[in-house]
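> Quick one: the structure is below, and I'll ask about it shortly.
Here, each number is a calculation from the coordinates, and none is a lab measurement. Everything quoted here is computed from the prediction, not taken from an experiment. Cβ placement follows ideal geometry from the backbone for every residue including glycine, while neighbour counts extend to all protein chains displayed.
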Amino acid sequence: MHVRWLRTHSFTAMLYVAAAILLLSYFGSKGWAGQKEEDKKNLPPRAFAVFPEYTGIEIPRGEESISVDLYIKNRGRSDEDVFVKVISVPKGWKAWIKTYSFGVTGVHVESEQTRTLTLKVEPPKEVEPGDYEIKILGESMDGKLKSRSSLIVTVKGEAESEKENGVEILTSYPVLKGPTGATFEFSIEVENNLDKDMIFNLSAQGPKNWEVNFKPAYEEKYISSLRLKGDQSQSVAVEVKPYPLAEPGEYPILVKVSSPEAKDEARLTIVLTGTYKMEVGTADGLLSLRAQRGKEANISIYVKNNGSATLTNVEFLSFKPENWEVKFTPEKLDSIAPGELKQVEVTIRPAEQALVGDYAVTLNVDAGKISKNLELRVTVQASTAWGWIGIGIIVLVVLGLILMFAKLGRR
């Protein structure tokens with residue numbers, strides 16, 4: 001009895017505890033949601049701010065480009081469409097607002113949210129040491145709200161020898177090879193040889209219309225700067241997307257890492273082999289022909305190179321019924337240049353024992369990197385000689401019947 005009483009009361013106690021937890025969770029969530037609503041009511045109806053991550057930075061003389069994160073923060077209760085632009089740059093300087101691959105003039109920001117863009121700045125080549133101001137303006141769609149901010153760029157005039165020892169770029173595979181349509185990814189190691197923490201700007205110079213972006217190792221987000229502790233290093237991925245119409249060949253990518261006290265650069269190379277595309281068909285689009293058993297029938301096919309790489313050692317194969325013969329003239333093509341079309345004659349000879357009917361013959365065009373199949377329907381017909389023999393037999397039968405009826409009529 002004592003044991004049963006303990007079990008009963010233990011189970012009841014567990015029910016009470018579970019109910020208490022559920023009640024606390026419910027009222028706690030309601031309280032949290034209510035608190036959030038209360039906090040939102042305390043916000044102004046409309047308010048936003050546009051500002052760079054760093055209001056002042058230092059760069060060495062000769063730096064070609066700078067990238068700084070630009071924040072658009074909505075501090076009001078309502079969502080906002082914010083137009084952003086650079087309204088003032090020093091003479092000879094260039095500055096614009098962008099994302100990873102295109103320029104930006106406006107952005108939608110939800111209440112209590114922050115959007116991040118990139119402020120790209122390019123100083124002139126012969127810039128003198130000093131302080132330079134870039135002014136940014138954010139404006140609401142109705143023009144009632146405005147936010148102004150600025151970035152002060154201090155150009156320092158240290159000697160080049162003092163700047164090139166503090167950071168180093170290392171890579172084990174500086175050359176990558178592949179087709180034009182591929183996305184290439186280099187892995188580089190950035191070493192901070194200084195004895196203090198430093199923020200390094202990341203920039204790259206590639207061929208026109210190519211996309212070059214930086215990513216942390218094993219992550220998909222893009223970055224434009226890197227914070228490193230003194231005497232430490234970090235892996236960075238350099239993602240490169242070639243221009244879709246780029247010709248096969250070698251293309252250099254110049255990667256730069258810089259800070260006010262150190263800089264380095266590394267040359268990466270992409271070897272494009274071109275794209276491999278091939279088209280196979282007939283001039284009139286028909287994929288059928290008629291043949292007689294034991295006799296040859298001909299059809300012309302074309303092979304066209306629609307890619308940007310030359311097709312070499314193009315060979316022909318066939319998949320056919322037993323005892324059939326298929327020949328190609330020429331038997332192979334040494335090369336087909338991009339955009340070039342070549343004609344091939346195909347001779348098909350059905351077997352002597354082939355029955356009348358339709359058969360499938362598959363032609364395979366193999367260029368190594370790419371191959372295509374062309375399926376033909378071959379209709380085997382009876383020989384015309386047998387047709388004449390059949391007609392002769394019919395004529396003889398008709399004549400015989402006429403003679404028989406003539407004799408019977410005389411009687």
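> Give the Cα extents of the chain along the principal axes, in whole Å, largest first.
If we take the Cα atoms of the chain, the spans are 128, 92, 55 Å.
> Relative contact order (percent) for the chain, with alpha-carbon contacts under 8 angstrom and 6 or more residues of separation?
11
> Using a Gaussian network for the chain with springs between C-alpha atoms less than 10 Å apart, which of these wobbles most: VAL380, VAL398, VAL167?
Residue with maximal mean-square fluctuation among VAL380, VAL398, VAL167: VAL398.
> Tally Lys/Arg at +1 and Asp/Glu at -1 over every other residue whose Cβ is under 15 Å from the Cβ of PHE214; what's the total?
-2
> Next question. I need THR269, THR183 ordered by Cβ neighbour count within 10 Å, fewest first.
So the ranking, lowest neighbour count to highest, is THR183, THR269.
> For the range 161-272, report the convex hull volume of the alpha-carbon atoms normalised per residue, in Å³, without decimals.
99
> Let me ask something else about it. Could you check what % of the DSSP bridge pairs in the range 48-157 are antiparallel, to the nearest 5?
So the antiparallel bridges in the range 48-157 amount to around 90 percent.
> Output the relative contact order of the range 48-157, whole-number percent, from Cα pairs under 8 angstrom with separation of 6+ residues.
39
> Starting from the Cα-Cα distance between LEU289 and GLU220, subtract it from 0.36 nm times their residue separation and give me the gain in nm to one decimal.
Once the chain is fully extended between LEU289 and GLU220, it gains 19.4 nm.
> Would you mind putting 121-132, 231-242 in packing order, based on average other-beta-carbon counts within 10 Å, highest first?
The packing order, highest mean first, is 231-242, 121-132.
> What residue among ASN193, ASN298, ASN201 has the largest mean-square fluctuation in a Gaussian network model of the chain, using Cα springs under 10 Å?
ASN298
> Say each of ASN42 and THR116 gets a label point 7 Å from the Cα, pointing the same way as Cα to Cβ; how far apart are those two points in nm?
Each label point is offset 7 Å from its Cα along the Cβ direction, giving 2.7 nm.
> Let me ask something else. Spin-label point model (7 Å from Cα, Cβ direction): what's the ASP195 to LYS372 distance in nm?
Result: 6.8 nm between the two label points.
> Also, I was wondering about something else. Where does the charge balance sit around SER318 when Lys and Arg score +1, Asp and Glu -1, over other residues with C-beta under 13 Å from its C-beta?
Summing Lys/Arg as +1 and Asp/Glu as -1 gives -3.
> Could you calculate the FRET efficiency of VAL356 with THR312 from 1/(1 + (r/R0)^6), where r is the beta carbon distance between them and R0 is 35 Å, rounded to 0.05?
After rounding, the FRET efficiency stands at 0.25.
> Within the range 119-159, which residues have the backbone N less than 20 Å from the label spot 7 Å out from TYR71 along Cα→beta-carbon, could you tell me?
Those under the cut-off are 119-121, 134-140, 146-153.
> Okay, moving on. Pairs of alpha-carbon atoms within less than 8 angstrom and 6+ residues apart define the contacts here; what relative contact order does the range 230-366 have, in percent?
23
> Could I ask something else about it? Excluding LEU333 itself, calculate the net charge of residues whose Cβ lies under 12 Å from the Cβ of LEU333, where each Lys or Arg counts +1 and each Asp or Glu counts -1.
Net charge around LEU333: -2.
> Using 0.36 nm per residue of separation minus the Cα-Cα distance, give me the extension gain between VAL398 and GLN343 in nm, one decimal.
Gain on extension, VAL398 to GLN343, equals 14.7 nm.
> Among the lysines, select those whose C-alpha is under 27 Å from the C-alpha of LYS221, and discard any that sit fewer than 8 residues away in the same chain.
The reachable lysines, counting only those whose Cα sits under 27 Å from LYS221, are LYS73, LYS85, LYS94, LYS98, LYS120, LYS177, LYS196, LYS208, LYS229, LYS241, LYS256, LYS263.
> For the chain, modelled as a GNM with alpha-carbon contacts under 10 angstrom, which of LYS91, LYS277, LYS146 fluctuates the most?
In the Gaussian network model the winner is LYS91.
> First measure r as the distance between the Cβ atoms of LYS304 and SER187, then evaluate 1/(1 + (r/R0)^6) with R0 = 35 Å and state the FRET efficiency to the nearest 0.05.
0.35
> Tell me, rounded to the nearest percent, the portion of alpha carbon pairs in the range 48-157 spaced more than 22 Å apart.
So the pairs more than 22 Å apart make up 32 percent of the total in the range 48-157.
> Within the range 44-87, what residues put their amide N at less than 14 Å from the label point 7 Å along the Cα-to-Cβ vector of GLN234?
From the range 44-87, the list is 69.
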